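Heads up: the structure comes next, in structure tokens.
The values are calculated or read from the model by the stated rules, or taken from the named source; none is laboratory data. Small disclaimer: the values here were computed from a predicted structure and weren't measured. Because the Cβ atoms are built from the backbone with ideal geometry, glycine has one as well, and the counts that use them run over all protein chains shown. For accessibility, only protein heavy atoms count, side chains too; no ligands or nucleic acids. Shrake-Rupley method; radii C 1.70, N 1.55, O 1.52, S 1.80 Å.
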Amino acid sequence: MTVIQRNLATDEISAAPQGERAWHAVSVDEALAFQQSGATGLSEEQARDRLARFGPNLLPPTKRRGALLRFFAQFHDVMIYVLIGAGAVTALLGHWLDALVILAVVMVNAVIGFVQEGKAENALNAIRNMLAPKASIIRQGQRRTVPGSELVPGDIVLFEAGARVPADLRLTEASSLRIEEAVLTGESVAVEKSTLAVGKTVALGDRSSMAFSGTLVSYGQGKGVVVATGADTEIGRISSMLAEVTTLQTPLTRQMGVFARWLTGSVLGIAVLVLMFGLLVRDYSFSEIFIAVVGLTVAAIPEGLPAILTITLAIGVQGMARRNAIVRRLPAIETLGSVSVICSDKTGTLTRNEMAVVSIATARHRFTVSGAGYAPHGEFASEGQAVEAGNHPVLREIARAGLLCNDASLNQLNDRWTIEGDPMEGALVALAGKAGLDENTETSALPRSDVIPFDARHRFMAVLLHSPGGEGVIYVKGAPERMLQMCGQQRGSNGDELLDTDYWQSQVEEIAARGQRVLAIAVKATGRPHPALSVDDVESGLTMLGLFGLIDPPRAEAIAAVAECRSAGIDVKMITGDHAGTARAIARQLGLENPDAVLTGHAIDTLDDETLRRRVQDTAVFARTSPEHKLRLVMALQASGEVVAMTGDGVNDAPALKRADVGIAMGRNGSEAAKEAAEMVLADDNFATIAEAVRTGRTVYDNLKKAILFILPTNGGEALVMMAAILLGSTLPITPVQILWVNMVTAVTLALAFAFEPAEPDIMRRPPRAAGEAILSGFLIWRVGFVSTLFLGVLSGMFALVQAQGANVEEARTIVVNTLVVLEIFYLFSVRYLKAPSITWHGIVGTPAVLIAVGAVSALQIAFTYAPFMRTFFDTRPLSFAQGAQIIAAGVVVLLILEIEKRIYAAMTRRHQQ
């Protein structure tokens, strides 16, 4: 105690690491006294002072590679190694200009990768900030939600099942509290927690009076005082010893890495054979044939492809973030393009998550309730006539019970009422206000003594209250089916009477049929002081007070998104814990396919896996389900070959989110456990955002495919031109350094434009792509061969034609280089639409990125052709207007041929599908 008193006397809070003080061994009162805190928490002034003193509650940033290391890492690629080797040998042979150009290409590629990697790291850091957890705290006696980074020692933090502990806490309250501490201790079983101090020397896993930052609350509720933040927490101490490196690698980029190594090996093998052929058959000098082979090698190797893939993926991630879909794991981008089924929660995702009590059923009456949102203003009516809540004692008692069996609170911000806590409980608080009940008055008259928090396993919440005279009362609210099992009586106008189960069941069905969520509430008097509350206390002997009907209307944008998903060949299935009637009514409003086919959780339990696999295909609505049912549904759909996206928000949803092909967590109301298990987080909890994410995922995949479809044929055409000239023993139509120039300028302009391509008009009218579809499809292989051969014919023909027209070799090569670039420009417009015609006004005009790319490469080519210093490097010659027109005409002819080929291929595909 002397240490505590000394600190209090100086009004100082020590900044010593948590590990240097045994908080688990001191009492609750001592911990609060040392932190100069209490039940009302800190004042705003104290919080500001401590935030300035201790800093934000953030872990130290992970160690990043320095700029120099990041730059040199750009050279760590097999294709770059080949270019560097070719440049070195070229320099040894005395061809310094050629070696300089090769080095320039390598450096440009490295700079692009270096800049983009920095942008990608910044984007990921921004995403981490967007996912920063919130904390529910008490400051100046008011409950509020603040960013976890703003927590300071002395703050009073409240938490419940599904939450991640935001800082190291000395527990001050613990109700049925269990916390998973595997992240710290490796122990997979959740640890029971209490407020009692433990021995000073006990191991970390035995400090039951503590809740540690980063651990997950698996059950119950708790409250604690912050004793350590940031790097001073236990997880901060561990984090400081680790350095995590985030790698932008996906199955696609790994597949392309393998392809790059295979392609490089093949190109080198062919290069060796061509080198031997030139030396032994064509009798070239080694220097001459080697430079030609270098040209062949650099022509065939798509050295810009890795950078294009990474940039396209990174732009896709940033685009999704702008649409409130935060991608935590990049493979989700690829998978989204092939999603065939979306399994969505109802509440808050398909609906607005602004619930209101709109109907009440008692043993003798049915009431309707008016009002908007969470505002505590509205009226009651029965059989069309307005009524006063004060004239109906049972109605008023139901409103009081809903207010007291509750953990939510209402806040007014300007003219808008918002809630802290569960939306359903917020609706009950608003109902009490409509009934004329004051929250402070009621909670003072019947303060809470104990609570059994709601849990999916027992499906109810119970509170124990005591009046100042010591009389105890228990209020219980929960699922009607469960509550009817626990009740023996019902509250009538003239007192308690025997429970009429059939009546209540009919009321449940009638309310649910109107699309309302049904909640039952009951009471039990203890008649004497009751020390604590257990499940056994409420398993029987309750008196049913009545039923609440709550409505959460569908989002207008969700209705449109469901229609869009159905047109895209994606089945939307709604999985909810609500009653079957509620789910059916909402499904009809959303426009789900076959909304009347509802499968309940009880029915799922009776089905074996094979039967469930068959039933799940024709069912769009699953009601009264648990998180365990979600997992079975995902597995059943996957067993039928479906690619499943699953939404979830609770800690128990984590297994289903992990099992799904794309797990989607709710960013606003989702638990930290769900966010950790998911590949994607919805910042706005809106189903329409999922549809937008699917659109973006399909667009990213399309753009990757277009970039590959652009780069491989153009490089293949260049390589065939070089190989044909060497094998025929004729003059090279293009020199190695000129090929390097073309690859450099087109890779950083034309190919990069595909990363910014918008979605094609029919992208959400296509069926999902097959999950196992290879990026190098039969169409792509055909197109690479066809376009490469077409380029070979046009470039070789142009070289022969202009020489026949009197051009010298240097002039002819300048024409071939410009023809090659023009062919790539026209081919770019053809590839922009894989299936639709490209010769349309929109196709010709293109997007801003395409126009900028074409403008940039055109400017570079003008400089290449007419700038005097370019002649020194590339041996170019200026061209006449007629020669320029001839080059453009070649591009137009190629575009027309490609459009004809596109139509023929499409017709053959349709005939094959029929």
With every protein chain left in place, what is the accessible area per residue of the chain in square angstrom, probe 1.4 Å? 42
Round to the nearest 0.05 the FRET efficiency obtained for ASN414 and ILE897 when R0 = 60 Å and r is the Cβ-Cβ distance. 0.40
One finds, for ASP684 and ILE862 with R0 = 60 angstrom and r their Cβ-Cβ distance, a FRET efficiency to the nearest 0.05 of 0.80
Counting other Cβ atoms within 10 Å of each Cβ, which trypsin sites (Lys or Arg not before Pro) in the range 753-818 have at most 15 and sit in a DSSP loop? ARG765
Between ALA52 and ASP609, what FRET efficiency follows from the Cβ-Cβ distance if R0 is 51 Å, with the result rounded to 0.05? 0.30
What lysines could a cross-link reach from LYS706, if we take a straight Cα to Cα line under 22 Å and drop same-chain neighbours fewer than 8 places away? LYS835, LYS902
Would you mind telling me the antiparallel percentage of the DSSP bridges in the chain, rounded to 5? 75
Which length gain, in nm to one decimal place, applies between ARG237 and LEU69 when the Cα-Cα distance is subtracted from 0.36 nm times their residue separation? 57.8 nm
Putting +1 on Lys and Arg Cβ atoms and -1 on Asp and Glu Cβ atoms, find which of THR576, THR40, VAL89 reaches farthest to the positive end of the dipole of the chain. VAL89
Taking 0.36 nm per residue of sequence separation and subtracting the Cα-Cα distance, how much length would be gained by fully extending the chain between THR443 and THR145, in nm to one decimal? 105.1 nm
Accessible area in the full protein assembly, largest first, 1.4 Å probe, for TYR219, TYR827: TYR219, TYR827
Of every Cα-Cα pair in the range 650-766, the percentage lying beyond 17 Å is 69
How much of the accessible area of the chain, in percent, comes from carbon and sulfur atoms when a 1.4 Å probe is used? 57
Zone reached by a paramagnetic label modelled 7 Å from ASP500 Cα along Cα→Cβ, restricted to the range 383-403 with backbone N below 17 Å, covers 383, 394-395
Length gain on complete extension for the stretch SER370 to SER493, per 0.36 nm per residue less the alpha carbon to alpha carbon distance? 42.0 nm
List, in the order given, every pair from LYS134/LYS200; LYS434/LYS524; LYS134/LYS223; LYS134/LYS477; LYS573/LYS705; LYS193/LYS658 whose Cα-Cα distance in the structure shown is over 20 Å. LYS134/LYS200; LYS434/LYS524; LYS134/LYS477; LYS573/LYS705; LYS193/LYS658
Using every pair of alpha-carbon atoms in the chain, split the distances into 10 Å bins beginning at 0 and state the percent of pairs per bin, rounded to integers. 2, 10, 17, 18, 16, 12, 10, 7, 4, 2, 0, 0
Which one, PHE710, SER338, MET764, projects farthest toward the positive side of the charge dipole computed for the chain from Cβ point charges (K/R +1, D/E -1)? PHE710
